[in-house]
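Notes to accompany the following structure.
Taken together, the values in this text are just the output of simple stated rules run on the coordinates, not laboratory data. Given the structure is predicted, the values throughout are model-derived calculations rather than measurements. Glycine gets a Cβ as well: all are built from the backbone with ideal geometry, and neighbour counts include every protein chain shown.
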Amino acid sequence: MIHFSSIHIKTDRLILRPIALRDLDATYRIYSDNETMKFWSEPPLQNPAQAKQKIIRNRLANQKDEVLTLALESKESQIMIGQISLFNSHKNSARAEIGYVLSRSHWHKGLMSEALMAFIHFCFTDLNLRRLEADIDPANTASSMLLKSLGFSKEGLLKQRWMVGKLITDSELYGLVNKTWSREPQE
């Protein structure tokens with residue numbers, strides 16, 4: 001059995017590893033940035049104490065094998081630049097939902113695509129999942145394009161699903177099935 005708190009996945013430019021308290025500054029920087037959090041399902045963090053609580057919750061969930069949260073660490077800088085999570089797992093159905101965030105200073109470099117390719121491979125191969133799902137804001141065209149390039153299909157729209165602060169947003173649902181997944185990004 002694979003324990004979430006021991007997972008390490010390497011790509012050309014990244015190490016995907018369990019979130020740690022050493023990621024406090026990076027977590028706060030990412031999750032307090034208004035532009036990065038524009039399409040997120042909760043408002044930006046207001047202080048480092050909230051970031052610390054987020055890390056502690058994620059570490060505890062990793063230790064209990066309930067939710068997998070991995071830091072995306074740049075091999076070059078050895079600093080966390082984003083996160084990927086696997087949650088809402090249904091073991092009997094062999095499916096789970098993914099979420100991801102990347103520091104704005106690292107957008108448009110192909111890093112999230114690189115991380116998600118490795119993560120999807122891990123989920124389908126090592127965790128034996130049959131299906132992955134993602135829920136994004138319909139206005140987040142970059143995320144939509146990323147998911148489609150990885151083979152996800154848009155499967156639905158949920159109206160007025162999230163309320164973030166005073167803003168009510170819809171959700172687009174995407175799905176990817178192991179048997180149809182191509183291990184190469186699509187154009």
Check your understanding: What Kirkwood hydrodynamic radius, in Å, does the chain give when the mean of 1/r is taken over all pairs of distinct Cα atoms and then inverted?
Key -> 16.8 Å
Review point. For Glu42, what charge total do you get from the other residues with a beta carbon under 14 Å from its beta carbon, if Lys and Arg give +1 and Asp and Glu give -1?
Key: +2
Practice item. Kindly flag which residue pairs out of Lys38/Lys148; Lys52/Lys109; Lys91/Lys159; Lys54/Lys91; Lys54/Lys166; Lys109/Lys166 have an alpha-carbon separation exceeding 30 Å in this structure. Key: Lys109/Lys166
**Study point:** Total charge dipole magnitude, region 8-117, about the Cα centre, Cβ charges on Lys, Arg, Asp, Glu only, Debye to nearest 20
**Key:** 180 debye
Review point. If each of Asn34 and Lys159 carries a label point 7 Å out from its Cα toward its Cβ, how far apart are those two points in nm?
Key: 3.0 nm
Check your understanding: What dipole magnitude, in Debye to the nearest 20, does the chain give about its Cα centre under +1 on Lys/Arg Cβ and -1 on Asp/Glu Cβ?
Key -> 300 debye
Revision key, fill the gap. The FRET efficiency for Thr180 and Thr11, from their Cβ-Cβ distance with R0 = 22 Å and rounded to 0.05, is 0.45
